[in-house]
Structure formats: structure tokens, C-alpha cells
1. To the nearest 10 degrees, how steep is helix A:275-284 against the longest Cα principal axis of chain A, on a 0 to 90 scale?
2. Interface B/A, total buried accessible area with a 1.4 Å probe, nearest 100 Å²?
3. Can you compute the charge dipole magnitude of chain B about its Cα centre, using +1 on each Lys and Arg Cβ and -1 on each Asp and Glu Cβ, nothing else charged? Give it in debye, rounded to the nearest 20.
4. Is it possible to state the helix-based mean residue ellipticity at 222 nm for the protein assembly as shown, with each DSSP H run of 4+ residues giving -39500 (n - 2.57), the sum divided by total residues, to the nearest 500 deg cm²/dmol? What is it?
5. Please give the helix A:350-362 orientation as an angle from the longest Cα principal axis of chain A, in degrees from 0 to 90, rounded to the nearest 10.
6. With just the Cα atoms defining each centre, how far is region A:473-511 from region B:52-83? Give it in Å.
7. Region B:177-202 to region B:3-23: how many Å between their Cα centroids?
8. Please compute the average number of Cβ atoms from other chains found within 10 Å of each residue's Cβ in peptide A:127-138.
Amino acid sequence: MKRDTKHTPQQVLSPLEKSKLKIKVCGMKYQDNIESVAALQPDYLGFIFYKETPRHFDTKIPEIPEGIKKVGVFVNEDVSTVIEKINEFKLDAVQLHGEEAPYYCSILRSTNLLSKPIEIIKVFSIKDEFNFEVLEAFENVCDYFLFDTKGKLPGGNGYRFDWSVLNDYPSTKPFFLSGGIGIDQIDDIKNFIVSKASKYCYAIDVNSKFETEPGLKNKSILREFINKLHNKKTMNYNVDDKGYYGEFGGAFIPEMLHPNVEELRQNYLKVMAEPDFQKEFDKLLKDYVGRPSPLYYAKRLSKKYNTKIYLKREDLNHTGAHKINNTIGQILMAQRLGKTRIIAETGAGQHGVATATVCALMGMECIVYMGEIDIARQAPNVARMKMLGAKVVPALSGSRTLKDATNEAIRDWINNPVDTHYIIGSAIGPHPYPDMVTRFQAVISEEIKWQLKEQEGRENPDYVVACIGGGSNAAGTYYHYLHEPDVGIIAVEAAGLGIDSGESAATSVLGKAGIIHGCKTLLMQTKDGQITEPYSISAGLDYPGVGPMHAHLSKTGRAEFLSITDSDAMEAGLELSKLEGIIPAIETSHAFAIFKHKTFKPDDVVVMSLSGRGDKDLQNYIDYFKI
Amino acid sequence: MNRIVSKLNEDKKLLSIYFTAGYPEINDTVSIIQDLEKNGVDMIEIGLPFSDPLADGPTIQDSSTAALKNGMTTEVLFKQLEGIRDTVSIPLIIMGYFNPMFQYGVEAFCKKCQELGVDGLIIPDLPVDVYHNEYQAIFEKYGLINVFLITPQTSDARIRYIDSISNGFIYMVSSASTTGAKSGFGDEQTAYFERIGKMNLNNPQVIGFGISNNETFTQATKYAKGAIIGSAFVKHVTKHGVKTIDSFTKSILN
């Protein structure tokens, strides 16, 4: 039925619907907590200089991002002290919580003792009713009013007043709404902001309802509150209990695979949580793989692009790429599930080598499926796998590349359901594979956090960047930053000869939802649902799908997806070689080409996943540059 | 009554044949269906080809690739099946992977099947729980029977669950394999067939995978309501063309 707009009751739309309702978090006390709350980008942070409260602020304010205003809260303080504090702490606003008179405000407004002008917020406490006449005298001497609940204390009483009192608000001055507001009041606030009473409501002020102890704020509840208030659905970027990332993921598998996949699903988290498993995993990563991999500040590259670039050196792992983090994890998993035979698929051969390596390490039978065409173009890796004792089986079906190697591995698993574990090399496949692979690769971002803290004094960079084929190095690089909104996530796909050339692997642009290799994800396909063959100069990125987590990150806008052509990638690989003395894998080179297309701020910290080294691609580089 | 159900109610062992639509030639679909009916086959699975048939062995992979190269698509198949009910009454099942159906739109696909007189679907990579939660109502709305697979590794509890969701027959995969991988049954298979027989399921079972001749057909139908032949038939038309379907069916049924 067509909706007749003429007769829809007119809601009073507050100005807030047009601009965002501001948020003030008051009663900040501890340095670390201030930093982590500031990362949520509230509009105001409040520091209480009134001594008779447990939230009394008596330390230093750390560096906080520009755009967040620092508010000093005072109760009947000497004007001279207030001025002193404003200058000392570089306050942007003062909030007057006592019986300060209009002339007190006018002194603050007109004094020439301040290094910069400040906002003045005058507080009024409301119980059940309020005589709005008192406001008039303050109209010209302050910038905002703040309405709080009248209680025993001057603020921080922890309960709210009846907001409908504000229906009689006679002024046009914007005000802060305060007093006992918590996450439970979200619906009330939403009702309030479409009511007449909120017409001049400018900000929401929160404090005690978000604390674990006085002065210590709970960041995750605050984040949820802010997201809800701004109508941002609180997103979960991890897999849910049904195996989905939003609409993507799941396990679309033939019944023949069900027992194997179900066995894995039921056990993977349990096994990974076993202290014995963790101990062995950590020890192998340290002693065998060589972790932690360095986080290296790339000085010359940073200078060239006028920003701060760090390289996470996964290329320095044993076997030369991030792939081994996952194969170590999965071989330990396979052992605990009592499997004796390992199968894997490989495109460029990196995952095949990483799998053959751990099979040699554990003395297990290893069969690697590889497209016939890839076998021809990646001869050194085929030789490495053979030296390591693996059997390399050519995939002769379809296009005879990675997609078909994966089909063949799945067919092998169907035919060998009892003794075999399939080590999938990317964050793809039926649930729980994408999550399991991501968790094994998450060691990358886990290390970035403490390494960056050591070098930059903060855990969170401004951006994390990784190249994406199926997306395992990207998943590991993003994992611990997925729910940190101040960290930008950049995913770099292979555009091949160009997005519109018909020879591309840019799944986020060219793909749509479909089913490949057991999961629902973004997929390059014909209108009829036949999977198409992607193209990229890099054998590791020419996969027609992308892991379901990345499909979700793309769809929700959490990650920015860029696509880079063959030629830009090759140039970037050469540039990194010459500027930093590091020859990257061609997959990785794609990520480095973004600096030609995207400008970062000079003080941005950009962490690049240097997912693999370029030895395997030497022939490609030689041919391309006619070296 | 759905044609599959009526057929299952007949007092005889059923022969079901799978073929790949659009293979060997794009326009062979209708004549293959008509010839199969004429030669005493009881049920037909029309294979909708897919680029990545991961439960299939080389024979059906190759026929699928060839069919796609011939220009077979969902639209083309539906076009070919227009009017099929004017000439045949045999139960028709479309067997294909989920992605082409998903792209066509599951509801649109089911609606079209009903219009054309298709009786059921077999979708190996649509798991029973996803079907149950998301699509069962749509299938039922259009009177379609969905057929699920079980294997020797499927647990009894899961078989019971699948039986409770099924409303036609259960496709019993004879061994852990892709299609066309094995021929003949050993003790392991017969033990499995007997085990399932003793479960007294609500839905009759039809055995598939590994049936290629009279011997395996007879063996399988000793334990089940019927048997499905796929790869062996595709091999036959590859070798002998589509004009000699009678010789194939005779070799099975005699």
C-alpha cells in the first residue's frame, strides 16, 4: 500500500537529526583509560578539578587526538584557579557546577589571561520541576547549559531526572543532557531526540554508568553506546556461532564432507584452547618459524611518501611467507584429531611448500594438488615440495589453476574421509576453516600491537594494509584491529590488466554473492552462476573469490578495498627493492602500490603486511623489467 | 500426487538415470528424456552443469565442461523443457550445484520447475540444515521434492534427521567417493546397505555411485527401492552417441 505522506503525523525533528548528537565523557582520571576512551572519538572529555569527588583529576592529560575538546569541571572554584588550570591543561571548555553567578562567567569570558578563548558550560540541576527563569541571566555569558539531576552531590549522582521537564525549555541556547545516562537509556534517548523537548539538545553527557570503578571507564560499553547513539549497528566482524560473517560464510558442502567438517567444527576451538596445544604452537612459531617477525620502520619509503610506514616482515618467516603460521597450526590440529594423511591445494606453491614443510617436520604423508598450468610456471616451488617429500598431483580439470586445485583437493577429501586432514591455505572454505585459518594467522596482528607500542608508544596504527587473494595474511593482519574503529583497514586486490579489461582478480568490485568451495562469499561468476577464471600477474592473488570475512568487511564498509594493476604492482615491488633493500613477492607488491594512489598524513602510522619474499618471483621480475 | 511419490509407490525396483543437460550436443536434452522413458527407465535426473562440480569425478566433470561450452545455462535448460509434459510422464529431477540456482533466485527457480513439470531437485552442496532453515517452505510451496544424500560416514542421528526432513526418497551414496570413482560393491558396502535397511526409515532409499551394469544394479536393488546410474550412462553416450540408449538400458535391466 502506498503511504500517504500528507497524513503522517509530524514528528518534531530536532536539529540533531541533521547534525550528529555530540558526546561528552566526563570524570576521566587515568592516563591509559583517557587514551583508550579518546580512541572512540567522543566530542568532549571531562576532567573534574573539584577535590571532593573520587573522580578528582590530579595528573597530566596525555596527548589526545585533535578535535576532542578538553573540559575542566569546577565547583565554586576561585576564578584565578580556574584560569590557571585552563592554561596549564590547555582546556577548551569549562563546566561550572556550583553556584557560580553570571558575573563569574563574564569574567571568564572577558579575561585576557587566557591563551585562547574557551567554551563556558553552566550547569543546572533538575529534580522534578525546574524554574527556567534562572537561565535568563546566563544567556549572554555562557555558551551552553547543562542539565543534570539534582542530588546530594554536585554531579555524578548516577540517576536521571524527568526529561519531559525540558518541554518547557524557553531558551534557544544549545544544552547538554546529563545525569545517570547509561547504555540502558538508548531507547529513551532515541525517543527523546525526536521529541519537542530535545529541540536544542546539543550533547549527551555520560559518566558513572560507564565505569568499572570511579574514574575508570569501560571502553567496550562506551563504544557500543556511541555506535548505537549514532545509529551505527554494532558490527561483529568475527564469525558468529552459526559460521557466518554477516550474510557470508556457512558450510555449503556435499554430505560426503559433513563428518570431516563437523568433526573439525566441534573441536577446533577446544583444541586451540588446550595449554598443551598453545605451548607447542608457540614454541614452533618461535624456534622453527623464527617469530616474532620484525616490525620494521621503513625510513626511506616513509620519507618518499611523507608518512610513517612500518613493515611487518612475514617474508622473514621460514619458507618465506606468512603461510607457515597456518600450516603449523593445522598440522598440530590434524595430529590431535588422529589424522595421518595431509592434503592441500596450492596456487603459486607457497602454501604447498609450507604444507610440505610441516609434513616433513611431523613425518606425515603429504599430497599437494596444483593446477597443471601453475606447475609449469612455478617450477622452483614444485621442486621444493618434492624435496620435502610431498607428492605433487596436477589438477587437470577446468582452467587447471588454483580454483581447480582446490576442487581436486576437496574431491580427494571426499574419497578419503577417515584418515585425511585437508589443510586449506587461505581464509576460505566451509566454516570453520575461515575462522580457524584467521586465528592461526592472527599472531601477525598480535605481534604488531606490542611491537608498535614499543616503537611508537601506541598499539593502534592509523592503518593496516594487506594484499588479498583468498585473504589469509590480510585476515591475520586485521584480526586484532577489526573492532578498533580508529584503525583504518585497507585491502588491496589484484586488478590484473585493469578492472574493466576482463583480465582481473578484483573480487570486491567484480564479484557478487555466490557459493565457492563450501562458503558463501563474493565471487566472480557469470550471470548464470558459473565461476569465472580470474587473472593476475601474481599466482597468489588470482582466486575468483575472497574469504567470507573480507566479503563482510567490504560489504559493511569496515575495510577500504583498492585494486592495483599488474604494472603498478611490479613498479612498487621494484621501488621497495631499491628503497629498502627488500624484494617482495609480487602478491605483496600490490599492497605497496597504494602509495601511488592514496595520500596519507605525515603523522599517520601505516603498517604494511609484507606477506612474502620475492625469490619465487625472480623470473617474473626478470622477464618484466628485462633485467 | 507428485510423480516421484507415485513412482515410489509402485511395486517394483526403480532404475533412475542421470545425464548432463546439453551434452553431447546442446539440443540432446529432450530426446534423451524421451528415449529414457521409452526404454523403461523409471526416473530421470537432469544434470544442470556447473563449472566447479566438486562432488563429481572426471566423467561428469568433462560432460559438464562440454555442456557449458555448448552454451548450456539455466535459462536454456528451462527453455528446452517447455512442453516436456506433453510428451513424457516420467518423474523428472533436476540435479545441480547450488550456485546457479542461487543466482537465478531460489524461489524463481522453484516456481519455474513447477511450471515445467519438474518434480524434484537434488542439490549436493545445499546442506540439509540450510535447506531446513531457509528454503524448505519455498520448495514445498511449489510442490517440489528435495532429495538428500547420505553416505557410509553419516551418523544414525543425522540419517534420522535427514529422513525427517525428506518427503520423497533418500539418495544413498554407496561409498565415500566422488561420482564414477568406483565400480562394484564389497562387504563394506553391503554391511552399510543392511545397516540402513534395518533403520526402517520413513523414506525409501535409492542407491547411487558405483552402479554401472546389471550386476551392480541387481545388487543395489536387493537392499534398496532403486538405483541411480550416472557416470556409466554419460560414458555410454560419449562413446556410442544418443541413438543407442536402448542398448544401454537393456544391458542394465536384463
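1. So the helix axis and the longest Cα principal axis differ by about 70 degrees.
2. The buried area between B and A, both sides summed, comes to about 2800 Å².
3. On the way: 22 positive and 28 negative charges, 85 e Å.
Dipole magnitude for chain B comes out near 400 debye.
4. On the way: 33 runs with 320 residues, N = 881.
Per the formula, -10500 deg cm²/dmol.
5. Value to nearest ten degrees: 80.
6. 33
7. Centre-to-centre distance over Cα atoms comes out at 19 Å.
8. Details: counts 0, 0, 0, 0, 0, 0, 0, 0, 0, 0, 0, 0.
Neighbouring Cβ atoms belonging to other protein chains average 0 per residue here.
The values are calculated or read from the model by the stated rules, or taken from the named source; none is laboratory data. Given the structure is predicted, the values throughout are model-derived calculations rather than measurements. Note: ideal-geometry Cβ built from the backbone for every residue, glycine included; neighbour counts use all protein chains shown. Each accessible area value is taken on the protein alone, full model and side chains, heavy atoms only, with ligands, DNA and RNA left out. Shrake-Rupley method; radii C 1.70, N 1.55, O 1.52, S 1.80 Å.
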